[in-house]
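Below is one structure, written out as structure tokens, with a few remarks after it.
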């Protein structure tokens, strides 16, 4: 015999946790939820590649405040990950600068496009088509790019980014938290992390 | 399948990516409209859409709404259904490329935030608390076992789910008999077509449609009664409309001038509750005027003289007085049937949900047989079943108090021995309680516990107040469902189940066609398929069920069920559906029943005289109007699947009452006014819909909303004596205007849906 009861705890239903999903509030909420425990937060990031790619997309469509916030968050995450890895912080730091200039150039172009309002849609399309394996077709769209009055440097910059992302896409395999952390101890991964941090630092410099 | 929602930073990143992808879709309009060649724009659009489709899962399955048995491809991202599209014609024999508004769009329920993802148990304060499967199953087994130990297994009851697959329903019947030790297992068929099953079984042999859906195309005349076809079975409604467009005749008898009546050559408005009278009147006219099929009657039927004698009393005057159908209308309907070489008789719950439903069906079976309209192309009887799998799961699979799978009687010693041996248990020879009887038996202390799977008796049983009292008082109640429905709120344990979109198996549709159900979504959270839950419970209660998948269940079932003997998953997949009876793997299945003989001892149709008995509920001075209940196109039964659909709710978000303009005026009620409707069982307040489609002494209300549950007015004790179907279609009521309040469903800015949209 049971009296009627209607209230069901949220955790027993398909209800999403209530949290802002976009913009700076979303990032703050995530940080709040994980109480600054970035190592725990990073557990929920499936792939570093995903993180990089998404960070670029977020930056592309974010306003200045959000860009800064994203930058800080990602740098902190990377630092946290590095803190867990057993070796090589010094070596990692040494490699930071090696490829930084090239990326800063790319970011120049990106920021320029963002300012002229052309970046969002273009970059999204580019990413989409690259993912769908239509990169070659995309590159035929030089006419389009010129029609949009994007200069040659911009096209080169975008192609560099796409080529790197393409390689990553073809070569990558799914990796979980522990896999990711193990991977951090390899030279290539450290180089890649350096690359990322350099982008973000470069970006931060431009924003200040 | 992909698309799992991630937590934390990754979740944010995922969201950002999704936003970026959405931007792509606006690319064409936003960036390139005036700067890019149109051809290139098209290329990009194609690439983007192909890419997006490439990320989706596509599989064909069988619809989980009504029992027409439409099949289509379902596109999902793993979490939710994004679209349905026509599948190959070989895989969709019933609907070709058609689907209705529910089958096409109404899938938000599957990913709805109220879907249960974990079992629920009561905490020390009686409130719900999330539980592990282990804890919930332990509590369930303890509850069941304590009733079995204290009172005996026969005090347990099971309500099986006609929404679930055949395989699962086979296990629900097996679980009741083998694990719990009770024959009290039944399902929603008791509330709808059990009188069809009873009436057709005793006249023709099988309690099912004799036709194939393609007989609609081959008929010269379709005779429809008690079926709001375009709303309750929209895709069949399309076939009927096509039949008319192709020049076929259509005759409709119904208390409401429903949309399909607009297509009819003859529409006759009748008073609800007296159908056997006008059917007998037509039969009388045909016999008296020698318009029946003497050869067919002679060779293929018995009992004609008894029927002839019984219908003689149904003179035109008497029929008109009882039903409102005039002498001319009866004669005209009879002539339409007689003129047609091939006539098909279709009906739905307007014939069956009566205290004399079995009589109504028997009268129709007599009519079809004396006119030779059975067993030939374009002829036959076609009850349109309601729940997606009520034919297969609700009947064929034998979760029934009196039958094992394949309508093998429990009372028959040989049948019982066969199942006792196969299931290693003792089975009583006396039938258990039917669903409608169960609720009365609980009141009398004859039943103590219930395992209710995928049903919502709090809303669907006649007499809501009584049903709720029984549910609250019962010693132990376990509910297995997608949601915490109105019934589950009384439960001791709630077990989260998955929908038809998340599992594999078969459904059997309204023309006996067994079709494949394929999973297109991942199960939500920790929810499990009914068969998995049943297996876990059975094994915790000392049995050794070892099914790896539903195919293994099907194999066991068909070995024990002659009409399904040759129906395997493999065949159903390869052949796009197989119609029973199909005794062995070499048998092609049966497109049309009774082509050579009826399924009776002598192979002939047993014509049975039907006397007139009045409905149990009758209008009086106190309750002068007759309420009849039913469905509307946009909603489905108690609404668990359709209420989560915002678009559908915009069309129809509440119940209403249809009133004839004359009736409304006499009570000072205008369209849109709140109306109090009372019976001897209770009252509700609903919005008036004033319409000519309904007769002056009749009112109609739909069944879809808990807030205004129309079964507050119906009666749990007015049942068909044979089938125990409730008298949903006839309740004496009175109405009165309500000043200054809205319906009991609360205020709403949305106009109530016209039933004929």
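The values are calculated or read from the model by the stated rules, or taken from the named source; none is laboratory data. Remember, predicted model here, so these are calculated numbers, not experimental data. Glycine also receives a Cβ, built like all others from the backbone with ideal geometry; neighbour counts cover every protein chain displayed.
Worth a mention:
- Test result for residue B:179, buried (at least 24 other Cβ atoms within 10 Å of the Cβ), away from every other protein chain (no Cβ under 14 Å), under 17 Å from residue B:539 (Cβ atoms) and touching a helix residue (DSSP H, G or I) at 6+ places or on another chain (Cβ under 8 Å): yes
- Among the numbered conditions (1) away from chain A (no Cβ under 14 Å); (2) touching a residue at least 40 places away in the same chain (Cβ under 8 Å); (3) touching a helix residue (DSSP H, G or I) at 6+ places or on another chain (Cβ under 7 Å); (4) under 30 Å from residue B:538 (Cα atoms), the only one that residue B:100 does not meet is (4).
- Filtering region B:613-631 to residues that are in a loop (DSSP other than H, G, I, E, B) and within 28 Å of the chain's Cα centre (by Cα) leaves B:613, B:614, B:615, B:616, B:617, B:618, B:631.
- Residue B:396 being closer than 25 Å to residue B:608 by Cβ and assigned by TED's automatic domain parsing to the domain that holds residue B:173: yes
- Within region B:490-505, tally of residues that are more than 18 Å from residue B:553 (Cβ to Cβ) and either without any contact (Cβ under 8 Å) to a residue 12 or more places away in the chain or in a strand (DSSP E or B) (or both): 4
- Selection status of residue B:179, closer than 30 Å to residue B:515 by Cα, modelled with pLDDT of 95 or more, over 27 Å from the mean Cα position of the chain (by Cα) and not assigned by TED's automatic domain parsing to the domain that holds residue B:243: yes
- Subset of region B:197-209 that is part of a loop (DSSP other than H, G, I, E, B) and under 18 Å from the mean Cα position of the chain (by Cα) - its residue that is nearest to residue B:376 (Cα to Cα): B:209
- All of B:532, B:548, B:544 fail the test of being without any contact (Cβ under 8 Å) to a residue 12 or more places away in the chain, under 22 Å from residue B:177 (Cα atoms) and not in a loop (DSSP other than H, G, I, E, B), apart from B:532.
- Scan of region B:172-194 for residues that are more than 21 Å from residue B:716 (Cβ to Cβ) and not in a loop (DSSP other than H, G, I, E, B), ordered by number: B:172, B:173, B:174, B:175, B:176, B:177, B:178, B:179, B:180
- Comparison of B:83, B:110, B:136 shows that the only residue that is more than 14 Å from chain A (Cβ to nearest Cβ) and either assigned to a helix (DSSP H, G or I) or without any contact (Cβ under 8 Å) to a residue 40 or more places away in the chain (or both) is B:83.
- Qualifying residue in region B:506-516 (condition: away from every other protein chain (no Cβ under 13 Å), in a loop (DSSP other than H, G, I, E, B) and more than 20 Å from residue B:94 (Cβ to Cβ)): no
- Of B:581, B:588, all but one fail to be in contact with a strand residue (DSSP E or B) (Cβ under 9 Å, 6 or more places away or on another chain) and either modelled with pLDDT of 95 or more or within 27 Å of residue B:419 (Cα to Cα) (or both); the exception is B:588.
- Within the option set B:450, B:438, being within 13 Å of chain A (Cβ to nearest Cβ), buried (at least 24 other Cβ atoms within 10 Å of the Cβ) and in contact (Cβ under 8 Å) with a residue 40 or more places away in the chain holds for one residue only, B:450.
- Candidate set: region B:680-710, residues that are out of contact with any strand residue (DSSP E or B) (no Cβ under 8 Å at 6 or more places or on another chain) and not in a loop (DSSP other than H, G, I, E, B); chosen: the one nearest to residue B:353 (Cα to Cα): B:706
- The residue list B:501, B:521, B:537, B:560 contains one member that is buried (at least 17 other Cβ atoms within 10 Å of the Cβ) and either closer than 24 Å to residue B:415 by Cα or in the same structural domain as residue B:71 (by TED's automatic domain parsing) (or both), which is B:560.
- If you go through region B:711-721 and keep only what is assigned to a helix (DSSP H, G or I) and buried (at least 24 other Cβ atoms within 10 Å of the Cβ), you end up with just B:711.
- Of residues in region B:455-480 being assigned to a helix (DSSP H, G or I) and in contact with a strand residue (DSSP E or B) (Cβ under 7 Å, 6 or more places away or on another chain), the one modelled with the lowest pLDDT: B:457
- Any hit, region B:277-286, residues being under 24 Å from the mean Cα position of the chain (by Cα) and either buried (at least 18 other Cβ atoms within 10 Å of the Cβ) or not assigned by TED's automatic domain parsing to the domain that holds residue B:366 (or both): no
- Only one of B:486, B:469 that is without any contact (Cβ under 8 Å) to a residue 40 or more places away in the chain and within 13 Å of another protein chain (Cβ to nearest Cβ): B:469
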